[in-house]
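Have a look at the structure below before the remarks.
The values are calculated or read from the model by the stated rules, or taken from the named source; none is laboratory data. All values reported here derive from a predicted model rather than from experimental measurement. Here the Cβ positions follow ideal geometry from the backbone for every residue, glycine too, while neighbour counts run over all protein chains shown. All accessible areas refer to the heavy atoms of the entire protein, side chains included, with ligands and DNA or RNA removed. Shrake-Rupley method; radii C 1.70, N 1.55, O 1.52, S 1.80 Å.
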Amino acid sequence: MPETREELYVRAAAALRLPPVETWETFPFDGDLRPRALLPPVAREEPRAGVGRVGCWQCAAPDDEFAWTAERWRLRALDEPSGLPVVLLLEPRAHFGEPGELPDDLAAELGLMIARVERAIRSVGEVGRVHVCRWGDGGEHLHWWSMARPARLPQLIGSFAAIWDDVLPPLPEALWRANIAAVVEPLDRS
Ligand SMILES: [Zn+2]
């Protein structure tokens with residue numbers, strides 16, 4: 001039997017730790033910190049946006065809202081520039097909620113698509129790494145984040161890059177558009 005979340009809460013709520021963030025070069029914040037109080041578990045999770053395709057804006061979005069589209073995949077940018085040089089989301093055109101729900105042929109194609117998008121983002125230049133992430137706690141329609149981490153800024157390495165995306169000032173609009181265009185160009189050729 002797994003530990004219930006009520007048991008986890010009782011065990012953890014009064015024993016939260018502050019990791020040694022002052023020694024982490026990649027931690028984006030400075031100053032006195034304390035862990036936020038852990039709230040008790042809820043009876044059930046709130047449904048995600050677009051659950052069961054109902055009101056799913058990703059299904060409803062026309063192709064021209066995406067940076068690039070193919071027969072079974074679409075790649076979209078955020079609505080506005082953020083701090084990292086490229087942030088794109090890869091989605092299957094069809095609505096699936098979890099990676100394990102993809103039929104085998106689409107799951108296999110996903111591997112090819114992640115590799116193609118990673119390669120295309122890296123081709124923009126001055127990219128240290130392309131982080132490929134899936135959380136899925138916001139909207140149900142599957143989407144994989146691809147985030148370009150700027151090269152030669154060692155503080156930005158690792159998973160805090162997703163936080164640095166909000167800490168760094170947004171890219172100038174023209175640069176943001178040029179970077180997206182530079183990703184799309186090799187995708188169109190392949
Ligand atoms: Zn959908």
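What are the trypsin sites (Lys or Arg not before Pro) within region 128-171 that DSSP puts in a loop, where the Cβ has at most 10 other Cβ atoms within 10 Å?
Sites meeting the loop and neighbour criteria: Arg152.
Along the Cα→Cβ direction, 7 angstrom out, place labels at Tyr9 and Glu101. What is the inter-label distance in nm?
2.7
What is the ratio of the Cα radius of gyration of the chain to 2.2 N^0.38 Å, with N the residue count, to two decimals? Mind dumping the intermediate values first?
Values: Rg = 19.2 Å, N = 190, 2.2 N^0.38 = 16.2 Å.
That works out to 1.19 for the chain.
Among the complete DSSP H segments of the chain, which ones combine at least 15 Å of alpha-carbon extent along their axis with a mean Kyte-Doolittle hydropathy of 0.0 or more? Don't skip to the answer; put the middle values down first.
Values: long enough: 104-122 (27 Å, 0.31); 173-189 (25 Å, 0.13).
Span-like helices in the chain: 104-122, 173-189.
Tabulate in residue order the Karplus-calculated ³J(HN,Hα) for region 125-132, using 6.51 cos²θ - 1.76 cosθ + 1.60 with θ = phi - 60°, rounded to whole Hz; enter x for Gly and Pro.
Running phi through 6.51 cos²θ - 1.76 cosθ + 1.60 with θ = phi - 60° gives x, 6, 9, x, 7, 9, 8, 10 Hz.
Which Cys in the chain stand alone, with every other cysteine's Cβ at 4.7 Å or more from theirs?
Cys133
Work out the length of the dipole vector of the chain about its Cα centre, built from +1 on the beta-carbon of each Lys and Arg and -1 on the beta-carbon of each Asp and Glu, and round it to the nearest 20 debye.
Rounded to the nearest 20 debye, it is 320 debye.
Quick one: if the Förster radius is 22 Å, what FRET efficiency do Ser159 and Glu45 give, using the C-beta to C-beta distance and rounding to 0.05?
Details: r = 23 Å, r/R0 = 1.04.
According to the calculation, E is roughly 0.45.
Subtracting the Cα-Cα distance from 0.36 nm times the residue separation, let me have the gained length for Ser190 to Leu112 in nm, one decimal. Please list the in-between numbers first.
On the way: separation 78, 0.36 × 78 = 28.08 nm, distance 1.14 nm.
In short, 26.9 nm is gained.
Hey, what's region 45-100 come to in accessible area per residue, 1.4 Å probe, Å²?
With all protein chains present, region 45-100 gives 52 Å² per residue.
Please list 3J(HN,Hα) in residue order for region 57-74, calculated via the Karplus relation 6.51 cos²θ - 1.76 cosθ + 1.60 where θ = phi - 60°; whole Hz, with x for glycine and proline.
6, 5, 5, 7, 5, x, 4, 6, 8, 10, 6, 7, 9, 9, 4, 10, 9, 9
Would you please name the GluC sites (Glu not before Pro) within region 115-172 that are DSSP coil residues with at most 14 other C-beta atoms within 10 Å of their C-beta?
Listed in order of number, the matching sites are Glu126.
Can you compute the helix-only [θ] at 222 nm over the chain? Use -39500 (n - 2.57) per DSSP H run of at least 4 residues, normalise by all residues, nearest 500 deg cm²/dmol.
Details: 5 runs with 55 residues, N = 190.
Taken over the chain, the calculation gives -9000 deg cm²/dmol.
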